Amino acid sequence: MQARSALFDLYGDHLRPRGGRAPVAALVKLLAPLGIAPPAVRTAVSRMVRQGWLDPLRLASGPGYSITPKAARRLDEAAARIYRTGRVSWDGRFDMLVLDSPASRRERQRLAANLSFLGYGSLDEQTWVATRPAEDVDVLLDEAGVRYERFTAAHTAGTPGAMGVVRRAWDLTEIGHAYEQFVAEQRPLLAAVTVRSDDEEAYAARFRLVHAWRTFLFRDPQLPPALLPERWPGTAAASFFDRHATRLRPAADRYVEQCLDATNRERRVVKT
């Protein structure tokens, strides 16, 4: 688990509901159970400041960092998809992008990752489609300096034709296998966390669960049911995730509060 990715998870899943800010000492404490060392946390924080995801600020408990409006939008969208608070519907139309691809390979890879996160799949390097328009896609492409055209399109063959487009844009077989592997890998780890486990152990297990589930934001566009195969593995995986994320939430919340309170107490002792 990389520190930058873990910080996104930490802010999105735990700190966003608590105002989206925390002292750097608390960030270090909260990532320690994941095996992330303090220097890696500080380096990742500095990188996220340069990229416009975090702003430094002075808190009563010491130097800290707050999410920017850009980060808040990204985290809120991610949370809605992780916990599926929005209804997945489809009006039969695709949002289609035709791009002038960036010249450098690194920029193309970054753009592809960002478009995938927003729910777009590629028909080729220049043509991307989604079953629902993403609010931030115009901002993303403008910031990347990419020239593009955007269309709304419906397949003349209706749902069967649309399913063909979907299978060109996404490898649903591979995504389905990834969901099955996710459950197989997480099941024994989560079974080891019981009512006798302490809060830190539950917090770490839940953090890893959410971290693993979050990777599907870049792989699965959460297609409407009409365009999915029968017995879609993502459905069972989502139920598995929901059950254990809910079960471990109280203990994880207690641990987060303990770390935040401990940081405040330490700061008061130092000042005294």
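Which number in (1) out of contact with any strand residue (DSSP E or B) (no Cβ under 9 Å at 6 or more places or on another chain); (2) open to solvent by less than 60 Å² (accessible area, probe 1.4 Å); (3) farther than 19 Å from PHE207 by Cβ marks the one condition that ARG167 misses? With (1) out of contact with any strand residue (DSSP E or B) (no Cβ under 9 Å at 6 or more places or on another chain); (2) open to solvent by less than 60 Å² (accessible area, probe 1.4 Å); (3) farther than 19 Å from PHE207 by Cβ applied to ARG167, the lone miss is (2). For the stretch 121-150, give me each residue that is open to solvent by 90 Å² or more (accessible area, probe 1.4 Å) and either in contact with a helix residue (DSSP H, G or I) (Cβ under 9 Å, 6 or more places away or on another chain) or in contact (Cβ under 8 Å) with a residue 40 or more places away in the chain (or both). Within the stretch 121-150, GLU125, GLU135, ARG147, GLU149 qualify.
Within the stretch 17-28, being under 9 Å from SER66 (Cα atoms) and either of a type in the set (Val, Ile, Thr) or not in a strand (DSSP E or B) (or both) holds for GLY19, GLY20. Considering the stretch 226-267, and only residues there that are over 26 Å from ALA154 (Cα atoms) and among the aromatic types (Phe, Trp, Tyr), the residue that is most open to solvent (accessible area, probe 1.4 Å) turns out to be TYR255.
Scoring ARG105 on the criteria (1) more than 22 Å from LEU217 (Cα to Cα); (2) in contact (Cβ under 8 Å) with a residue 40 or more places away in the chain; (3) open to solvent by 60 Å² or more (accessible area, probe 1.4 Å) leaves a single failure, condition (2). Evaluated against (1) over 23 Å from ARG81 (Cβ atoms); (2) surrounded by fewer than 17 Cβ atoms within 10 Å (Cβ to Cβ), HIS177 falls short on exactly one condition, (1). A search for C-beta distances below 8 Å between a residue of the stretch 64-90 that is within 18 Å of ALA245 (Cα to Cα) and any residue that is hydroxyl-bearing (Ser, Thr, Tyr) and open to solvent by 50 Å² or more (accessible area, probe 1.4 Å), counting only pairs 6+ apart in sequence or on different chains, returns ALA79/THR85. Scanning the stretch 58-78 for residues that are in contact with a Pro (Cβ under 9 Å, 6 or more places away or on another chain) and either buried (at least 16 other Cβ atoms within 10 Å of the Cβ) or on the phi > 0 side of the Ramachandran plot (or both) yields a total of 6.
One residue alone among LEU190, LEU223 is free of Cβ contacts under 8 Å to residues at least 60 places away in the same chain and either surrounded by 14 or more Cβ atoms within 10 Å (Cβ to Cβ) or not in a loop (DSSP other than H, G, I, E, B) (or both), and that residue is LEU190.
Restricting the first member to the stretch 250-263 and to residues that are within 16 Å of ASP9 (Cα to Cα), and the second to residues that are acidic (Asp, Glu), the beta-carbon pairs closer than 7 Å and six or more apart or on different chains are TYR255/ASP199; TYR255/GLU200. Selection of first residues in the stretch 9-35 that are within 11 Å of CYS259 (Cα to Cα) and open to solvent by 20 Å² or more (accessible area, probe 1.4 Å) and of second residues that are outside any helix (DSSP H, G or I) and among the polar types (S, T, N, Q), restricted to Cβ pairs under 8 Å at least 6 apart or on distinct chains, gives the following pairs, ordered by first then second residue: ALA25/SER61.
The values are calculated or read from the model by the stated rules, or taken from the named source; none is laboratory data. Because the structure is a prediction, the values reported are computed rather than measured. As a convention, Cβ positions derive from the backbone with ideal geometry for all residues, glycine included, and neighbour counts pool all protein chains shown. What goes into the accessible areas is simple: the full protein's heavy atoms, side chains included, and nothing from ligands, DNA or RNA. Shrake-Rupley method; radii C 1.70, N 1.55, O 1.52, S 1.80 Å.
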